[in-house]
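Beneath this line is the structure, given in structure tokens, with notes to follow.
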Amino acid sequence: IDYQSHVGRMLERTGKDLGSTRPVYADAQSLQFCSAQLSRKMMEADPANVVMCPYTIVVYATAQKPDQVVVAYRRPMRPGGSPASRAALREVDELLDGIAREAVGRK
């Protein structure tokens, strides 16, 4: 993991300054990372795929349902592109999907 963002804490901390004290999350974190192998593959296929890196997975529980943890990820999709680019992005999507499923105990 290259970077861990504590989104829930940031919203809680800045809410007062914005005139909002309603809690959104019990906790919310964004985890960002790259796979050297898959990143190289997708960027060699199309240098514009750099916009897909780093990959992001979020883990959160809302204030209304603090016992229900959600794991989600940003899908690395770009319309069009070469077949090699689409194939590389599918591999990244499969990696993220596998990590998310493993995190919640579903394979």
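The values are calculated or read from the model by the stated rules, or taken from the named source; none is laboratory data. Computed from a prediction, not measured in an experiment: that's the story for all the values here. For neighbour counting, all protein chains shown are included, and Cβ atoms are generated from backbone atoms with ideal geometry for every residue, glycine included. Surface areas here come from the heavy atoms of the whole protein model, side chains and all, with no ligands, DNA or RNA. Shrake-Rupley method; radii C 1.70, N 1.55, O 1.52, S 1.80 Å.
Observations on the structure shown:
- Summing +1 for each Lys or Arg and -1 for each Asp or Glu among the other residues whose beta-carbon sits under 13 angstrom from that of Pro76 gives +1.
- Taking the Cα centre of the chain as origin and assigning +1 to Lys and Arg Cβ atoms and -1 to Asp and Glu Cβ atoms, the resulting dipole is close to 200 debye.
- Full extension of the chain between Arg86 and Thr62 yields a length gain of 5.3 nm, computed as 0.36 nm times the residue separation minus the alpha carbon distance.
- Only DSSP H runs of four or more residues enter the estimate; each adds -39500 (n - 2.57), and after division by the residues of the chain the mean residue ellipticity at 222 nm equals -12000 deg cm²/dmol.
- Over the chain, relative contact order from alpha-carbon pairs under 8 Å, at least 6 apart, %: 23 percent
- For the chain, the fraction of C-alpha pairs farther apart than 20 angstrom is 49 percent.
- Percent carbon-and-sulfur accessible area, the chain, ignoring ligands, DNA and RNA, probe 1.4 Å: 52 percent
- When the Cα positions of Ala100, Met42, Ala26 are compared along the charge dipole of the chain, Ala26 comes out farthest toward the positive end, with charges on each C-beta of Lys, Arg, Asp and Glu.
- Built amide H within the under 5 Å cut-off of Ala63, gap 5+: Tyr25, Ala26
- Surface exposure of region 1-71, expressed per residue as accessible area with a 1.4 Å probe, stands at 69 Å².
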